[in-house]
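Reading through the structure tokens given below for one structure.
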Amino acid sequence: MATATKTVSEEEEEVTTVKVNGSAVNGVPPVFTSSRELKVVFVLGGPGSGKGTQCSKIVETFGFVHLSAGDLLRAEIKSGNENGNMIQNMIKEGKIVPAEVTVKLLQKAMEESENDKFLIDGFPRNEENRAIFESVTGIEPQFILFFDCPEQEMERRLLGRNQGRVDDNIETIRKRFKVFVESSIPVVDYYETSGKVNKIDATKSVDKVFDSIRPLFDCFNHVSSNGYEEELTEAIKQHNINGSAVAITN
């Protein structure tokens, strides 16, 4: 069975538009009590797939806020507050940080932001994360941006890093691959049944990968809220049919 969430050292990534009307979701009070539209993108991919680089380009080009569950956990620990100390103690004791804790941090970051467009990087990491996120926030994603890359290529990239990362050795790299396949791929499979997964060929160059992603985000810059869903649905449809994204026109 997949674990509830992850430790801070692990890497922590869909687009949805939701209007919260103040009603409870599965008995849980909603996070967002305003009527603003929220567009959330979950970005998933194995370690070394290049999703972090592409998230930076999406942020720069389309004005999204990049949220990493791992970064939020680390920041909470660094703050020295009661919640941060609790997280740090759990990690020191080798315990798994509850999914609810991670979701609450993501929730808080979105609630406090003035932006309405978010990339959530490396999350949900497993099926339990997904279910808790949806029940607590009331957000059901429209699609996942999934960076598809063979393990051999990801391994080559990670071993070629010059970042001094202690976890970039062959044994830990392969362990991370195993965790990703066992925990995160079921999340991709879940959303694929409803046609919400957009697979990106992550073996290409950084610029070519971004060229295949760009059409899925163009609509955020020039389509009205009423026309957004129609434009995005068509972009997803064409992407899934052709295997690569297509341009969206006004």
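The values are calculated or read from the model by the stated rules, or taken from the named source; none is laboratory data. Note that the coordinates shown come from a computational prediction; the quantities given were computed from them, not determined experimentally. With ideal geometry, Cβ positions are generated from the backbone for all residues, glycine too; neighbour counts draw on all protein chains shown.
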**OP:** Filter the range 195-219 down to residues that are closer than 16 Å to Gly52 by Cα and either assigned to a helix (DSSP H, G or I) or polar (S, T, N, Q) (or both), then give me how many there are.
**Re:** 11
Subject >> When residues of the range 220-233 are limited to those that are modelled with pLDDT under 55, of a type in the set (Ser, Thr, Tyr) and assigned to a helix (DSSP H, G or I), the one surrounded by the most Cβ atoms within 10 Å (Cβ to Cβ) >> reply: Tyr228
Original post:
Out of curiosity, is Asn126 out of contact with any Cys (no Cβ under 9 Å at 6 or more places or on another chain), under 22 Å from Val97 (Cα atoms) and either small (Gly, Ala, Ser) or at pLDDT 90 or above (or both)?
Top reply: yes
